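*Asks:* Once you've had a glance at the structure underneath, I'll fire off some questions.
The values are calculated or read from the model by the stated rules, or taken from the named source; none is laboratory data. Note that the structure is a prediction, hence the values are computed from the model and not measured. Cβ sites come from the backbone with ideal geometry, for glycine too, and all protein chains shown count toward neighbours. Keep in mind that these areas ignore ligands, DNA and RNA; they rest on the heavy atoms of the full protein, side chains included. Shrake-Rupley method; radii C 1.70, N 1.55, O 1.52, S 1.80 Å.
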Protein chains: 2
Amino acid sequence: MLLTMSKASDRAYAQIRSMILSGALPPGEQIREEQLAERCGVSRTPVRDALRRLEAELFIRRSESQRSFVADWSLGDVEEAFALRTMLESHAARRAAERIGWDQLERLRLANAAISKAIEADIPEVPTFLVQNRLFHAIILQAAASPRLSAMLAQVVEQPVVVRTALHYDKQNLARSLHEHEELVLAFARRDGDWAEAVMTAHIRRAFHAYADAHAQQREQEAA
Amino acid sequence: MLLTMSKASDRAYAQIRSMILSGALPPGEQIREEQLAERCGVSRTPVRDALRRLEAELFIRRSESQRSFVADWSLGDVEEAFALRTMLESHAARRAAERIGWDQLERLRLANAAISKAIEADIPEVPTFLVQNRLFHAIILQAAASPRLSAMLAQVVEQPVVVRTALHYDKQNLARSLHEHEELVLAFARRDGDWAEAVMTAHIRRAFHAYADAHAQQREQEAA
DNA sequence: GTGACCGTTATTGTATACAAAGAGAAAAAG
DNA sequence: CTTTTTCTCTTTGTATACAATAACGGTCAC
């Protein structure tokens, strides 16, 4: 990640992305290039550039007549994304097990220690959990040493709907997630690709069902 | 696929892409926006748009200083791409087996019949083979009904180096490819996801080794 | 009142001019 | 002769003006 953000298109990209993640631009909302250009303090040219990237990452969809809208993911869409993520991330875990170095293993352990501390507080520190969780998966991806795999996974994680749901994880889910992370580290230390792949598959599938449960619960509340 | 190609950026995209595939823009060549704008008969704006797309599809890479070059894939890069393609396309085959309809099955059989005819000519009609082969895989992808999976696979197939190698397939490889296609149709007809996935994995892996052999052979000839 | 047609307006697509940033060449210092 | 520095020129980034196109709303015929 660049620290400078020198280019206007980069700034526009970051700003629009965070507007979508935060909900300032809600799902389904039409996007007007000129309006965003104003809000970002740049001209339409870099905004268009940013929109192309966000479209490739599925944050934005375009109608047949080229108008842009904030993506509105159905449950089916999320399920499809999780299926792909399961496949890709399990593959990454296998590759990582075959390639990981001692320094990377140590960094995984550190991330897990931070997660453990965040969970065991009286009020779990969910933002810390999210940051360290992201770091944990990023290290694995790095160890997998496949730039294309990384690029693909980026398309399939961190959609707004998923991020918002993670905020409502209960303590049990947080603890299970940590346990799976620790088992992954064991598998990596033994360089057991089969083991790592299987644990990662279970890890992502559990996360999916946690999402689906939260989603269903939310639906019930809306109905009441 | 749009027939009109109404927009200038679409025309630019198609033209530049075919220049790369045909070798008119060779690997490693630096790309100048203005020069391409001239050759495509449009301004730089749509060319830049097209370059962004081609960059996302890994036809083009950008240096740290934002200059664009035609991607030059190493053997390792190609191997990585084949590994991802194996995983993605096998997954697609499983999903297709669970969802495919009779009309799609029939279209698969038609494609195979065309391939069979193309192969059995005294001089195999390789272009016909390539067209029908692409169609066969496209139908499977359609049956898999996962737009994101389709988008990801697009990033990983049809790189210039692979396409050029396919032109040198020998008769034995062509025949084996057809045989695997026919076995896939059998698996689909029985709706056997495991079978379809396994055959597809074998299909792609064989293709990879055919590529690797051709590559090694070419290296030998260059050395001599 | 309903539906089709047409003009207005909002929005995106393209061209062009200019600004900024880098690479390469030429010149100067060691 | 090598290395460093500066300058120029190529190339990309951004702003703006204008063209094209699609959505919206109103009018007219029935």
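*Asks:* From the phi of every residue in the range B:17-31, what ³J(HN,Hα) in whole Hz does the Karplus formula 6.51 cos²θ - 1.76 cosθ + 1.60 yield, where θ is phi - 60° and glycine or proline is x?
*Replies:* 3J(HN,Hα) across the range B:17-31, in whole Hz: 4, 6, 5, 5, 4, 6, x, 4, 10, x, x, x, 4, 6, 10.
*Asks:* Which of these, A:ALA56, A:ALA144, A:ALA214, has the largest mean-square fluctuation under a Gaussian network model of chain A (Cα springs below 10 Å)?
*Replies:* A:ALA56
*Asks:* May I ask you to give the percent of accessible area on the range A:8-70 that is carbon plus sulfur, with a probe radius of 1.4 Å?
*Replies:* That share works out to 45 percent.
*Asks:* Also: Quick one: 3J(HN,Hα) in Hz for the range A:148-157, Karplus 6.51/-1.76/1.60 with θ = phi - 60°, rounded, Gly and Pro as x.
*Replies:* Each residue of the range A:148-157 in turn: 5, 4, 4, 4, 5, 4, 4, 6, 10, 10 Hz.
*Asks:* Could you give the size of the charge dipole of chain A about its Cα centre, using +1 on the Cβ of each K and R and -1 on the Cβ of each D and E, expressed in debye and rounded to the nearest 20?
*Replies:* Here the size comes out at about 700 debye.
*Asks:* For the range A:8-70, what does the convex hull of the Cα positions come to per residue, in cubic angstrom?
*Replies:* Once divided by residue count, the hull of the range A:8-70 is 71 Å³.
*Asks:* Okay, moving on. Please list the radius of gyration and Dmax for the range A:118-224, considering alpha-carbon atoms only, with Å as the unit.
*Replies:* 15.1, 50
*Asks:* Roughly how large is the B-A contact in terms of buried accessible area, totalled over both chains, probe 1.4 Å, nearest 100 Å²?
*Replies:* Answer for the B-A pair: about 2100 Å² buried.
*Asks:* Taking the Kirkwood radius as the inverse of the mean 1/r across Cα pairs, report the Rg/Rh of chain A.
*Replies:* Answer for chain A: 1.00.
*Asks:* If I build a Gaussian network model for chain A, linking alpha-carbon pairs within less than 10 angstrom, which residue out of A:MET200, A:MET87, A:MET19 has the largest mean-square fluctuation?
*Replies:* A:MET19
*Asks:* Continuing with this model, one more query. Helix-only estimate, please: 222 nm mean residue ellipticity of chain A, summing -39500 (n - 2.57) across DSSP H runs of length 4 or more and dividing by its residues, to the nearest 500.
*Replies:* Taking each H run of at least 4 residues, the total per residue is -24500 deg cm²/dmol.
*Asks:* To make sure I understand the rule: partners must be lysines, Cα under 18 Å from the Cα of A:LYS171, and not fewer than 8 residues away in the same chain. Which ones qualify?
*Replies:* Leaving aside lysines fewer than 8 places away in the same chain, those within reach of A:LYS171 are A:LYS117.
*Asks:* Any number yet on Rg/Rh for the protein assembly as shown, C-alpha, Kirkwood?
*Replies:* Radius of gyration relative to Kirkwood radius: 0.97.
*Asks:* Taking Rh as the Kirkwood radius computed over C-alpha pairs, what is the Stokes-Einstein D of the range A:1-113 at 20 °C in a medium of viscosity 1.002 mPa s, expressed in µm² per second?
*Replies:* 129 µm²/s
*Asks:* Which residues, if any, in the range A:58-89 have at least 50 Å² less accessible area in the whole protein complex than in the isolated chain, probe 1.4 Å?
*Replies:* Flagged in the range A:58-89: A:GLU80, A:LEU84, A:MET87.
*Asks:* Positive end of the dipole of chain A, charges at C-beta (+1 Lys, Arg; -1 Asp, Glu), about the Cα centre: which of A:SER90, A:ILE140, A:SER74 has its Cα farthest in that direction?
*Replies:* Checked the options; the winner is A:ILE140.
*Asks:* Quick check: at a probe of 1.4 Å, how many percent of the accessible area of the range A:75-223 sits on carbon and sulfur atoms?
*Replies:* For the range A:75-223, the apolar C and S fraction of the accessible surface comes to 54 percent.
*Asks:* Okay, next question. Heavy-atom accessible area per residue, the range A:62-116, 1.4 Å probe: how many Å²?
*Replies:* Per residue, the range A:62-116 has 44 Å² of solvent-accessible surface.
*Asks:* Whose amide H sits under 5 Å from the amide H of B:ILE60, counting only residues 5 or more places off or on another chain, with H placed in the peptide plane?
*Replies:* Correct list: B:GLU55, B:ALA71.
*Asks:* While we're looking at this one, here's another question. Mind telling me which of A:VAL163, A:VAL131, A:VAL185 comes out most flexible in a GNM of chain A, alpha-carbon contacts under 10 Å?
*Replies:* A:VAL131
*Asks:* Now for a separate question. If you line up the Cα atoms of the range B:184-224 on their principal axes, what length do they span on each, largest first, in Å?
*Replies:* 50, 13, 5
*Asks:* Hand me the trypsin sites (Lys or Arg not before Pro) from the range A:36-130 located in a DSSP loop with no more than 12 other Cβ atoms within 10 Å, in residue order please.
*Replies:* When the trypsin sites (Lys or Arg not before Pro) of the range A:36-130 are filtered for loop state and at most 12 Cβ neighbours within 10 Å, A:ARG67 remain.
*Asks:* Nm distances between the label at A:GLU106 and the same-position labels in the remaining copies, 7 Å along Cα→Cβ, shortest first?
*Replies:* 6.6
*Asks:* Hey, what did the range A:66-224 get for relative contact order, percent, Cα under 8 Å, at least 6 apart?
*Replies:* The normalised contact order for the range A:66-224 reaches 38 percent.
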